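Visitor: Mind having a look at this structure? Questions to follow.
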Amino acid sequence: MTYLPNETDLAIKALSDSEAFVELFDHYFPRVYNYVRCRVGKSDLAEDLTSQVFERIFSRLDTYRPEYGLFAPWVFSIAHNTVTDYYRRKNPAVVSLAAVEDLACAEDDIGEMVALKETRDILLQALACLGERDRSIVALKFWGNLSNRRIAEITGLSGSNVGVILYRAMKRLRIILSTQGVKEYE
Amino acid sequence: MSDQVWAERFSKDLDNILAGKKVDGEFPSDEYRQLIDLSIKLFKSDFSGKRGTMQKLKKRILSRIDKQKGKNTGEICEEDLDKVAGGFKVIITEDK
């Protein structure tokens, strides 16, 4: 489910009601984590930044105005800015390369199905090969589940630009997977 | 056709996928079909994997939020309560 049916009420209540915040957290955690992980690659870094995102969400809940838009784009604009701030503090090229190097050992859950893990790792490696802007737009689309117009508002691009960037990024991703030897994309 | 035209078609198909709807089976090319397959795969991907990650982070975040609340209200949060020397009055005397 993309949106919680009562999320506006929950967002209003969450500032003083821990249970409401936990409900929002449970719903948004996988999407925000996946969004952040797609952008930064490394699992430990993704955890730290996801944590920061939710702390920012909580501390700014009183600024959320339902009349100006849905909760999800508001959440992902905070997630987007948190990761962008991180990249501003760091050298993006270094981080991206480090992320690629660390991906091979990013997970250590032996019990997880090997095939699933391999697919995830391959996808993460391929995503890490995209440029930062492209990766951000792909992540906002697939894990933010946002329209091109909402993504445009968050990134400062035009809606049609977002569509073209997304299409070209996915084409590049397919080629990267093909060169990595993933047969279904050859 | 230009990238702009394909991008518009792709965006429409993508929005259908994200809304849980089926995409029309008539694909203009093998490459396009692969892009749709890849999109479905990405949409279904969950990198958070282990439930433990979520629980660990939830605990950490709620604890920090608890601290933030404590700062605002002047109350001591659960975590910091452990550090309080409850019940003892500490008197520091100088050696003379």
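Visitor: Mind checking A:59-69 for the average number of partner chain beta-carbons within 10 Å of each residue's beta-carbon?
Guide: 0
Visitor: Let me ask something else. From the C-alpha gyration tensor of segment A:1-89, pull out the three semi-axes of the equivalent ellipsoid (sqrt of 5λ each), sorted largest to smallest, in whole Å. Before the final figure, lay out each step's value.
Guide: Values: eigenvalues 99, 35, 28 Å².
Computed over segment A:1-89, the values are 22, 13, 12 Å.
Visitor: Also, I was wondering about something else. At R0 = 35 Å, how high is the FRET efficiency between A:Val182 and A:Tyr3 if r is their beta carbon distance? Nearest 0.05 is fine.
Guide: Details: r = 33 Å, r/R0 = 0.94.
So the FRET efficiency works out to roughly 0.60.
Visitor: To the nearest 0.05, what FRET efficiency results for A:Thr84 and B:Asp15 with a Förster distance of 22 Å applied to their C-beta separation?
Guide: 0.35
Visitor: Hey, another quick one. How big is the gap, in Å, between the Cα center of segment B:13-28 and the Cα center of segment A:1-60?
Guide: 28 Å
Taken together, the values in this text are just the output of simple stated rules run on the coordinates, not laboratory data. Predicted, not measured: the structure shown is a model, and the values here were computed from it. Neighbour counts are summed over all protein chains in view; Cβ atoms, including those assigned to glycine, are modelled from backbone coordinates with ideal geometry.
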